[in-house]
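Any read-out appearing in this document is the output of simple, stated calculations on the displayed coordinates, not a laboratory observation. Small disclaimer: the values here were computed from a predicted structure and weren't measured. Cβ coordinates were reconstructed from backbone atoms using ideal geometry, including for glycine residues, and neighbour counts include every protein chain displayed.
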Amino acid sequence: MMWFGLFMVALIAAVVFFIRRKRSTRDESEAPPPQQHDDARQKVLKIVKGMHAAADGLHGLARVKALRTYMDSMSDGLELASDIRPPASGSPRGEWVIAPGAKPERRILYIHGGSWIAGSPKSHRAITDRLSRLTQACVFAIDYRLMPENRYLDGIIDCQRAYRWLLDNGPDGKASADFLVVAGDSAGGSHTLGLIAWIRDQGLQAPTAAIALSPSTELMLTSLGSRANLESDVMLGPTVKKMARIPMPLLWWGTVLGMRVLPTSPMASPLRGRLHGLPPTMIHVSESELLLENAQRYVEKARAAGSPVELKTWPDMVHVWHLFTPLLPEAEEAFEHIGVFLNRVERAHG
């Protein structure tokens, strides 16, 4: 089915990580030995190959199930500093990730990636554990409803309800928050950007800040064959080239049928929404990925609307490389950058 093919393309963008030899963004004095760095890349490449193997020969829901299982397994064996807790009965679905020293009044809502059909709080524990340690905040990783079993809108509703809940609830029960960040990666980055606009429109207490890692800011339905990174993104590029040969009406209606939302809707394409009055927002993206161009467009539009939105890029990096902390030194660099950003925002707010 057309919609399922589109989902698979988006899923590759969200969860498959392409490894290339690259220059480090660190000073040479800070860089790890070349052999150690290359070994880390080979380990990540092995994970990529394992993901392909897990879904090889499968189709439809069987393929989706295999990819979900493999993504969850990526957190197996991680040495986490944080305590993983289920929320209290009656709370939104998800899990608390609480590092030693994390304060209940400091909270992060984390929205995982996986192209809205895969991923879970478990699959992204490398990120949520690191965020909790970095910020001394309790991270709530939302287990939002996924497609194709549910509507795209159902996942959005889950994130909206979770934000309302986090304003007044911490890991120990009812309590207000004095530091609340919304963060997410890839598809979850799209939900993050859509959520902060919804919060503004609802007149709710604004988050302290927002963080979007390699976010999807617009569904990839236009100018597919002209994107600058079609060649450098060797994982997604060939598939997108094939999609570019499909008549636009078929792509359009395939997406509408699968996601049950118009591609032009700000719910699916935050870039197309009104971007004024947003909280301080940081976006990370690789210069080699196909999502770069739309991330840049989002930041330019938000800045023009007067919102304090920033962009930090890394050269030749993998999609959502943050998942590979502490294996990849670039992941640690990215989290250090997030820490500097959040400290600056907090100081500005007094």
Less than 14 Å Cβ to Cβ from residue 167, Lys/Arg counted +1 and Asp/Glu -1: what total charge do the surrounding residues give? +2
For segment 80-85, Karplus couplings with θ = phi - 60° (6.51, -1.76, 1.60), whole Hz, Gly/Pro x: 8, 7, 7, 8, 9, 10
Which whole-Hz ³J(HN,Hα) couplings does segment 88-96 yield from phi under the Karplus relation 6.51 cos²θ - 1.76 cosθ + 1.60, θ = phi - 60°, glycine and proline marked x? 5, 4, x, 7, x, 5, x, 8, 8
May I ask which of 174/312; 46/122; 46/103; 103/301; 49/312 have a Cα-Cα span longer than 25 Å here? 174/312; 46/103; 103/301; 49/312
What translational diffusion coefficient, in µm²/s and rounded to a whole number, does the Stokes-Einstein relation yield for segment 56-121 at 37 °C and a viscosity of 0.692 mPa s, taking the hydrodynamic radius as the Kirkwood radius over Cα pairs? 231
Residue separation between residue 274 and residue 304 times 0.36 nm, minus their alpha-carbon distance, gives in nm 9.7 nm
Rounded, prolate or oblate (a/c below 1.5 giving rounded, otherwise prolate when a/b exceeds b/c) for segment 70-194 by Cα gyration tensor: oblate
Hz values of 3J(HN,Hα) by residue in segment 137-145 - Karplus curve (6.51, -1.76, 1.60), Gly and Pro given as x: 10, 8, 9, 9, 8, 6, 9, 6, 5
Tell me, how many Å apart are the Cα centres for segment 144-217 and for segment 280-341? 19
Cβ under 12 Å from residue 298's Cβ, residue 298 left aside: what net charge do those residues give with Lys, Arg +1 and Asp, Glu -1? 0
Simple spin-label model, 7 Å along Cα-to-Cβ: residue 202 to residue 161 in nm? 1.1
For segment 31-143, the charge dipole (Cβ of Lys, Arg +1; Cβ of Asp, Glu -1; about the Cα centre) points to a positive end, and the Cα of 140, 92, 67 closest to that extreme belongs to 92
Let me check I've understood the local charge: for residue 97, count other residues with C-beta under 9 angstrom from its C-beta, Lys and Arg +1, Asp and Glu -1. What total comes out? -1
Quick check: residue separation of residue 347 and residue 332 times 0.36 nm, minus the Cα distance between them. What number comes out in nm? 3.1 nm
The extension gain from residue 46 to residue 89, computed as 0.36 nm times the residue separation minus the Cα-Cα distance, is 11.6 nm
Could I have the simple spin-label model distance between residue 250 and residue 62, label points 7 Å from Cα toward Cβ, reported in nm to one decimal? 2.5
